[in-house]
Amino acid sequence: QVQLVESGGGLVQAGASLRLSCLASGRTFGRYAMGWFRQAPGKEREFVATINWSGTSVYYADSMKGRFTISRDNAKNTVYLQMNSLKPEDTAVYYCAASNSNYSLRRSDYNYWGQGTQVAVSS
């Protein structure tokens, strides 16, 4: 069982940066692939980025490439999402998720989810 707690969201202006963190409970964090998803009001939850268990492989949604960076620190049981050049369309609740299979773009491949952290970007 893994419990995930996101933090780092907030209200920022367009062009600013934020770093989201996701702290995982348990001693098996390093066995899980991790992902970030987001959900804007009235929209479905969408994939943002994913990272494999060792941090050596990452993948991003096209609209996030070059602006967002996913990373992890297994010693701290934490996965990060560095978000730069934020746009109003990045406004959403951001969720981290853990998968006990390989890193994936699919929501259905993730076994555990956090409660989310709100990111709001003003123009």
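The values are calculated or read from the model by the stated rules, or taken from the named source; none is laboratory data. Fair warning: this is a prediction, and the values are worked out from it, not measured in the lab. Cβ coordinates were reconstructed from backbone atoms using ideal geometry, including for glycine residues, and neighbour counts include every protein chain displayed. Ligands, DNA and RNA are excluded from the accessible area calculation, which covers all protein heavy atoms including side chains. Shrake-Rupley method; radii C 1.70, N 1.55, O 1.52, S 1.80 Å.
The one condition from (1) open to solvent by 40 Å² or more (accessible area, probe 1.4 Å); (2) touching a helix residue (DSSP H, G or I) at 6+ places or on another chain (Cβ under 8 Å); (3) of a type outside the set (Phe, Trp, Tyr) that Lys65 does not meet is (2).
Collect the residues in the stretch 44-62 that are in contact with a strand residue (DSSP E or B) (Cβ under 8 Å, 6 or more places away or on another chain), open to solvent by 30 Å² or more (accessible area, probe 1.4 Å) and within 18 Å of Gly116 (Cα to Cα), keeping them in residue-number order. Listed by number, the residues that qualify are Arg45, Glu46. Restricting the stretch 112-123 to residues that are within 13 Å of the chain's Cα centre (by Cα) and farther than 26 Å from Gly30 by Cβ, the residue that is surrounded by the fewest Cβ atoms within 10 Å (Cβ to Cβ) is Gln118. Residues that are modelled with pLDDT of 95 or more, touching a Ser or Thr at 6+ places or on another chain (Cβ under 9 Å) and buried (at least 16 other Cβ atoms within 10 Å of the Cβ) occur at least once in the stretch 23-30.
Close contacts from the stretch 34-63, counting a first residue that is under 14 Å from Ser99 (Cα atoms) and a second that is open to solvent by 70 Å² or more (accessible area, probe 1.4 Å) and of a type in the set (Asp, Glu), with Cβ to Cβ under 8 Å and a gap of 6+ residues or different chains, come to Phe37/Glu46. Tally the residues that are assigned to a loop (DSSP other than H, G, I, E, B) and either crowded, with 18+ Cβ neighbours inside 10 Å or under 15 Å from the mean Cα position of the chain (by Cα) (or both), restricting the search to the stretch 82-111. Residues that pass the stated criteria total 9.
When each of Leu86, Leu20 is tested for being in contact with a Leu (Cβ under 6 Å, 6 or more places away or on another chain) and not aromatic (Phe, Trp, Tyr), the lone residue that passes is Leu20.
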